[in-house]
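Below is one structure, written out as structure tokens; the observations come after it.
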Amino acid sequence: MTSAPDDLTLWYEEPAADWETQALPIGNGPLGAMVFGGVRGERIQFNEKTLWTGGPGHDGYDFGNWTAPRPGAVEEVRRRIDREGRVPAEEVAAALGQPKTGFGAYQTFGDLHLDFGEHGEPEGYRRELRLAEAVARVRYTAGDVAYSREYFAANPGNVIAARLTAGRGGAVSFTLRHTSPRDDKTVTAEGGRLTIRGRLADNGLVFEAQVQVLAEGGTRTDEGETVTVTGADSAVLILSAGTDYADTYPHYRGEDPHARVTAAVDAAAGLGYDALRAAHVADYRELFGRVRLDLGQSAPEIPTDRLLRRYTGGGGPEDRAVEALLFQYGRYLLIACSRENDLLPANLQGVWNDSTSPPWSGDYHLNINLQMNYWPAGPANLHETTRPYDRYIASLTAPGSRTAREMFGARGWVVGNESNPFGFTGVHDWPTAFWFPEAAAWASRHLYDSYRFTGDLDYLRETAYPVIKGAAEFWLDFLHTDPADGRLVVSPSYSPEHGGFSAGASMSQQIVREVLAAALAAATTLGVDEEFRAAAGEALARLDPGIRVGSWGQLQEWKRDWDSRTDTHRHVSHLYALHPGDLIAAGSPEAEAAAVSLAARGDGGTGWSKAWKISFWARLLDGDRAHRMLGELLRHSTLDNLWDSHPPFQIDGNFGATAGIAEMLLQSHRGVVHVLPSLPAAWKDGAVTGLRARGDVTVDVTWRDGLAETITVRPGRTGPITVRTPAGRYRVHDLDQETETGTLTWHAEAGRGYLITRS
Ligand code: FUC
């Protein structure tokens, strides 16, 4: 038996023994949970995204700003770089860094346990996560009774819900309890409701979670810190949680969560399980259902972990099933950990974390990771999920302008390599990661790109432009004139986590060029800020371009030709202009050089690095190589629950993979809707619906033997549109247009669908 192409389900024949590699994630944006599916006992680890230590309230929290002024310190490093060309990172960190104080870490909210007691040996066990409706399920039979449990995280109402049923009346019995690694909390049980409440010892943040148990039949009793259900026909659990975090500088505190959490649990309990589930599925499907991908997949009925292990990266339908599942899983995960009503964006682990000291604090790394989290949002038709990212970037402008002023003597705003929910916009002292003021400009690229996808002028005016302008203004003040050639360069400049400090590393220059160009374009579109436009234009004219072909045909990572042919470092920062940037066009000499660099770096790397390479090769129009990278990711950097592994688990690679697959099927970064730009030989026949191109365009494609058969283009705005088709003769129906050269241009009307077919 094989599964249908749309059967997007992860499933397993055993309970999860391990949080990181096996448990299954559900989430509604602010709340996340990991379902283990145990037989004697269930474990549901859960999170609320704002539960963080650190920040105001933690003694000595300094936002990363220097605790005492260091007059002339940056200029001194600059002069050294001017004189010596390259300065070791350790020495720059000693001069400009400062140990982190009160940076904090993302915290688990703990675990809910359902103790079932002795059940007998289970038969027919199945644990699954159905992506089509965002519901996790556990089923088995024990002692002749069929047990089933179901879990989902509803964004409407902000709750996580579970239902336990059994094939025989009176067979549902369990005790609910909460455990957590913290001792700064209390747990009480009343009226079938567990309340977990406390104040983080670290920073005084108030947190509260409530779980209401509703039983049908049987009895329900509260006892100390537990609620017990005995002999019920079915039971429902409703969980909500919150903290008194607010995303407002400088205090980052808002209302006590008690009333909010109580109201959420009361409302969901009043609604009833079925209505809640229906509201959840409708809300989720509105987003998830927008894109369908058929790569010709079909999988035998074997569990996902085994299917993954059998993956070869070859041409068969079974491999296609894994790839299509990974693509949609990235979309599922993004919806599950980033929603419109979220205060914070997806962190290094999305919203899921079982620890009090997760890897890299579960923070917001801005030298690739946070940005990568949102790469699929535009192309894979989940624009709404970027709201918390927009909010977060905007929330950094207040603390970031203080950092800009105090540490850099500049206007505008800045943020460094890593940040937290409390406006940490300064530096720390880890030599290879403490200094990256380009992060603000890179994060701002997302806002301009969002505008390019939607064409929403109000968004540009109110949300995007003020942030982009501030990020650009910083560089107008902080660029340095390179005495060697009079060009404007970033100095000190550091290509992420690699090499020494120098002036004008390629990534620095490319990012600054892009933010100045975006700010200028936005100001021009909005007809504002003439003086600023002139200044941005002048800076752009003097700016070192940061795109150079070096002695072995490579794209240089630095202004000087220091690249080694044997260097396989995971960051490939100098290719920023190829992806996510758009300064390098496929087919150009710079693109050739990028391919040389990329080939030298090899197919290895951490999870996110491999995912990035999918997009790089896709932008170089090498579908087979992009597909090879997808294979590398799946074979060596993907866990049984299909989470990306850096290692350890880091969610960016999931999002990078989904974005990379979208990039193979549709590109639009250079003003043209390019259909099937990087189709690999392995994806011979297929269909995709609902991909998005910049310019507010939705695209469906079917293809056969590697050539597009039908392309449907649905513009959301009236205006000129250019579509690039694969080779062959294509015709736009209803218009007198045909092409053999691969490019079709016409004046499109909003709301119409244009069908293009091969003739
Ligand atoms: C960057 C990367 C690391 C890791 C960390 C969270 O520093 O270089 O590989 O992904 O972020």
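The values are calculated or read from the model by the stated rules, or taken from the named source; none is laboratory data. Note that the structure is predicted; figures quoted are calculated from it, not measured. Every residue, glycine as well, gets a Cβ built from its backbone with ideal geometry; the counts of neighbours run over all protein chains shown. In case anyone asks, the SASA skips ligands and DNA or RNA and just uses the protein heavy atoms, side chains included. Shrake-Rupley method; radii C 1.70, N 1.55, O 1.52, S 1.80 Å.
Given an 8 Å cut-off on Cα distances and at least 6 residues of separation, report the relative contact order of the stretch 257-374 as a percent.
Working: 65 pairs, mean separation 19.6, N = 118.
Reported relative contact order: 17 percent.
Which residues does a label at residue 301 reach in the stretch 314-328, if reach means a backbone N under 16 Å from a point 7 Å past the Cα toward the Cβ?
Nothing falls inside the zone, counting backbone N under 16 Å.
Per DSSP H run of n ≥ 4, the term is -39500 (n - 2.57); total these for the chain, divide by its residue number, and report the mean residue ellipticity at 222 nm rounded to 500 deg cm²/dmol. Can you show the working numbers first?
On the way: 17 runs with 222 residues, N = 759.
Mean residue ellipticity at 222 nm (helix-derived): -9500 deg cm²/dmol.
So, taking all protein chains as they sit and a 1.4 Å probe, how much accessible area belongs to residue 50, in Å² rounded to tens?
Rounded to the nearest 10, the figure is 10 Å².
Which FRET efficiency, nearest 0.05, do residue 743 and residue 84 yield, Cβ-Cβ r, R0 51 Å? Write down the numbers at each step before the final one.
Working: r = 50 Å, r/R0 = 0.97.
Here the calculated transfer efficiency is 0.55.
If one computes the Cα centroid of the stretch 473-519 and of the stretch 628-643, what distance in Å separates the two points?
Here the answer is 35 Å between Cα centres.
Report the per residue volume, in Å³, of the convex hull enclosing the C-alpha atoms of the stretch 52-194. Intermediate results must be reported in sequence, preceding the final value.
Details: hull volume 37.5 nm³, N = 143.
Spelled out: Cα convex hull of the stretch 52-194, divided by residues, is 262 Å³.
Between Rg and the Kirkwood Rh of the stretch 32-84, both from Cα atoms, what is the Rg to Rh ratio?
A ratio of 1.43.
How do 163-173, 309-319 rank on mean C-beta neighbours within 10 Å, highest first?
Per-residue mean Cβ counts within 10 Å order the peptides as 163-173, 309-319.
I'd like the Kirkwood hydrodynamic radius of the chain, using the inverse of the mean 1/r over distinct C-alpha pairs, in Å.
27.0 Å
Give the aspartates and glutamates whose C-alpha is closer than 13 Å to that of residue 100, dropping any in the same chain fewer than 8 places away, or say none.
Result set, ordered by chain and number: 59, 62, 418, 429.
Which one of 410, 595, 159 is farthest out on the positive end of the charge dipole of the chain, using unit charges on Cβ (Lys, Arg +1; Asp, Glu -1) and the Cα centre as origin?
Value computed over the given set: 595.
If you stretched the chain out fully between residue 567 and residue 94, how much longer would it get, using 0.36 nm times the residue separation minus the C-alpha to C-alpha distance? Write down the numbers at each step before the final one.
Working: separation 473, 0.36 × 473 = 170.28 nm, distance 2.62 nm.
That works out to 167.7 nm of additional length.
Mind ranking 578-584, 566-572, 262-268, 465-471 by how tightly packed they are, going by the mean number of other C-beta atoms within 10 angstrom, highest first?
Highest to lowest by the protection proxy: 465-471, 578-584, 262-268, 566-572.
Enumerate the calculated ³J(HN,Hα) couplings along the stretch 660-672 in order (Karplus 6.51 cos²θ - 1.76 cosθ + 1.60, θ = phi - 60°), each rounded to whole Hz, writing x wherever the residue is Gly or Pro.
For the stretch 660-672, the Karplus-derived couplings read x, 5, 4, 5, 6, 9, 7, 10, 7, 6, 10, x, 10 Hz, x marking Gly and Pro.
If the reach is capped at under 18 angstrom between alpha carbons, list the lysines near residue 49, excluding any in the same chain fewer than eight residues apart.
Reachable lysines: 185.
Using the per-residue mean of other Cβ atoms lying within 10 Å as a proxy for protection, in what order, highest first, do the peptides 630-643, 480-493 fall? Spell out each step's value before the answer.
Working: 630-643: 21.9, 480-493: 18.6.
The packing order, highest mean first, is 630-643, 480-493.
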